[in-house]
Amino acid sequence: MSINDEQKERIKGNDVQDYLQPPSFESVSEEREHGKQRLAGAFRLFGRFGFSEGAAGHITYRDPEYKDHLWVNPYGKPFTEIKTTDLVLVNDRGEVVEGDYSIHKSAFSIHSAVHKARPDVIASAHAHPVYGKTWSTSGRLIDPLTQDACAFYNDHSVLDEFSGVVYEDKEGEKVAKALGNNKAVLLRSHGPLTVGQSVDAAAFWFITMERSCQSQLLAEAAGIVHPIDPKNAELTARQVGREKDGWENFQPLWERIVNEQPDLLN
């Protein structure tokens with residue numbers, strides 16, 4: 001996405017952010033291709049930010065036509081190399097119906113349960129980044145220490161138990177239950193999971209959740225934990241934690257990665 005002359009005119013004055021508008025689609029196939037491209041871009045960004053841990057980690061995108069089918073990354077493919085054509089489509093039984101690769105078993109166990117429990121969720125992201133998985137061992141919510149962390153104020157939860165790798169459906173259901181109606185959940189001794197009504201939002205919430213966990217850990221280590229008061233934390237959450245905020249904040253990241261690595265669109 002780039003800003004044309006007409007959009008530049010519109011951002012003069014008070015409507016600075018108005019040029020950022022989610023796209024509309026003329027067909028399901030066009031919407032599907034858009035979502036898959038954003039999904040590949042999100043993986044490249046996760047790779048760029050060091051969120052990969054071997055073969056662990058996944059982001060899913062609900063197919064716009066077959067609502068119980070999910071697009072997901074192929075098992076063992078590095079985040080930094082994923083292209084749109086590498087993505088795999090699985091049905092509600094975890095069977096690959098399109099694509100040349102298998103998938104990580106826990107990707108289906110976790111994300112299928114989340115998507116089933118939350119019809120509003122279009123995308124779901126989970127990985128094992130250093131700060132997120134470290135903070136998750138505390139079993140605590142993150143505090144509203146910063147403006148960015150306020151995006152999760154009263155909008156994230158904790159699954160305060162660890163029972164091994166999520167390979168069973170019942171374990172995935174625990175994740176979905178713990179998530180509830182929130183945009184994020186911290187899985188104890190495991191890592192964050194975020195959701196959104198677009199790949200863009202789910203990916204950005206994950207990125208900023210990881211950075212918020214980093215800030216929390218640094219503040220705790222320095223002994224300067226002074227949360228924003230509830231009134232202003234709630235106000236800020238309404239300013240930076242809306243679905244549109246997640247989508248908008250992903251756009252500069254998308255433009256950067258697609259300009260630097262256009263092969264992801266292949």
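The values are calculated or read from the model by the stated rules, or taken from the named source; none is laboratory data. All values reported here derive from a predicted model rather than from experimental measurement. Quick reminder, even Gly has a Cβ in these numbers, built from the backbone with ideal geometry, and neighbours come from all protein chains shown. Ligands, DNA and RNA are stripped out before the accessible areas are found, and what is left, the full protein with its side chains, is counted by its heavy atoms. Shrake-Rupley method; radii C 1.70, N 1.55, O 1.52, S 1.80 Å.
Beta carbons closer than 9 Å, at least 6 apart along the sequence or on distinct chains, pair a first residue in the stretch 135-150 that is in contact (Cβ under 8 Å) with a residue 24 or more places away in the chain and at negative phi with a second that is among the basic types (K, R) and in a loop (DSSP other than H, G, I, E, B) for S136/R188; T137/R188. For A56, the conditions (1) open to solvent by less than 40 Å² (accessible area, probe 1.4 Å); (2) closer than 17 Å to D200 by Cβ; (3) hydrophobic (A, V, I, L, M, F, W, C) are fulfilled apart from (2).
Restricting the first residue to the stretch 185-213 and requiring it to be on the phi > 0 side of the Ramachandran plot, which pairs with a second residue that is not in a loop (DSSP other than H, G, I, E, B) meet a Cβ separation below 8 Å and a spacing of at least six or different chains? Short answer, once both residue conditions are applied: S189/K133; S189/S136; G191/H126; G191/G132; G191/K133; G191/S136. When you look at T194, is it buried (at least 23 other Cβ atoms within 10 Å of the Cβ) and among the polar types (S, T, N, Q), yes or no? When the stated conditions are applied, T194 passes them. Name the single residue that is least open to solvent (accessible area, probe 1.4 Å) among those in the stretch 118-136 being of a type outside the set (K, R), farther than 18 Å from F204 by Cβ and under 17 Å from the mean Cα position of the chain (by Cα). In this case the residue turns out to be S136.
Being open to solvent by less than 20 Å² (accessible area, probe 1.4 Å) and either at pLDDT below 95 or of a type in the set (D, E) (or both) is the filter here; which residues of the stretch 234-247 pass it? The one that is open to solvent by less than 20 Å² (accessible area, probe 1.4 Å) and either at pLDDT below 95 or of a type in the set (D, E) (or both): D245. Applying the criterion of being open to solvent by 10 Å² or more (accessible area, probe 1.4 Å), aliphatic (A, V, I, L, M) and in contact with a helix residue (DSSP H, G or I) (Cβ under 7 Å, 6 or more places away or on another chain) to the residues of the stretch 203-233, the residue that is nearest to L193 (Cα to Cα) is L217. So for the stretch 160-173 (the condition being hydroxyl-bearing (S, T, Y) and open to solvent by 20 Å² or more (accessible area, probe 1.4 Å)), does at least one residue qualify? The answer is yes; a qualifying residue exists.
Filtered by the rule that a residue be assigned to a strand (DSSP E or B) and in contact (Cβ under 8 Å) with a residue 24 or more places away in the chain, the stretch 86-103 gives L89, V97.
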